[in-house]
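Peer 1: My questions all concern the structure below.
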Amino acid sequence: MHVTHDPDADASPVIGFDDLLKVDIRVGTIVEALPFPEARKPAFRLVIDFGPVIGLKKSSAQITEHYTLADLPGRQIAAVVNFPPRQIGKVMSEVLTLGFPDADGKVVLVTPSASVPNGGRLF
């Protein structure tokens, strides 16, 4: 799924602004975080509220290194909401929760620095 976590990797090819607009990245609030013991790699199941238009969506996220289940409800995160759903074990992941790799390649969630309305689109 991920191309590379290497911070020294070459940049991707140049794209046009219209290409960027095709990727719908929205902010949502995690309302539920559940264990996901069936996952091949350690992960949590998330339910994320993206506001009245997009609603509640499910996601599987490999974020167990930096977060506990108790840390996650109420946290705002960024996710791609217009990828097709993907079956991950017994879970249908409806959005791609976004993060950056730390120095060891473990996921750190992308979050706004201040509270913003759920459903807001990245620009």
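The values are calculated or read from the model by the stated rules, or taken from the named source; none is laboratory data. Note that the coordinates shown come from a computational prediction; the quantities given were computed from them, not determined experimentally. Cβ: placed from backbone, ideal geometry, glycine included. Neighbour counts: every protein chain shown. To get the accessible areas, we keep the full protein, side chains included, count just its heavy atoms, and leave off ligands, DNA and RNA. Shrake-Rupley method; radii C 1.70, N 1.55, O 1.52, S 1.80 Å.
Peer 1: ASP10 to ALA103: FRET efficiency via 1/(1 + (r/R0)^6), r the Cβ-Cβ distance, R0 22 Å, to the nearest 0.05?
Peer 2: FRET efficiency, ASP10 to ALA103: 0.65.
Peer 1: While we're on this one: How long, wide and thick is segment 12-123, going by the Cα atoms along their three principal axes, in whole angstroms, largest first?
Peer 2: That works out to 40, 34, 28 Å along the principal axes.
Peer 1: Given the peptides 23-34, 76-87, 110-121, 6-17, arrange them by the average over their residues of other C-beta atoms within 10 Å, most packed first.
Peer 2: Those peptides, ordered most packed to least, come out 23-34, 76-87, 110-121, 6-17.
Peer 1: Excluding residues fewer than 8 places away in the same chain, name every one of the lysines whose C-alpha is closer than 22 Å to that of LYS41.
Peer 2: Output for LYS41: LYS57, LYS58, LYS90, LYS106.
Peer 1: How many nm is it between the label spots at ALA114 and ASP24, if each spot is 7 Å from the Cα in line with the beta carbon?
Peer 2: 2.7
Peer 1: Here is a further query. Quick one: with all protein chains in place, what share of the accessible area of the chain is carbon or sulfur, to the nearest percent (1.4 Å probe)?
Peer 2: So the carbon and sulfur contribution to the accessible surface is 57 percent.
Peer 1: Moving to a separate point now. Express the accessible area of segment 68-123 per residue in Å², computed with a 1.4 Å probe while the remaining protein chains stay in the model.
Peer 2: Averaged over the residues of segment 68-123, the accessible area is 64 Å².
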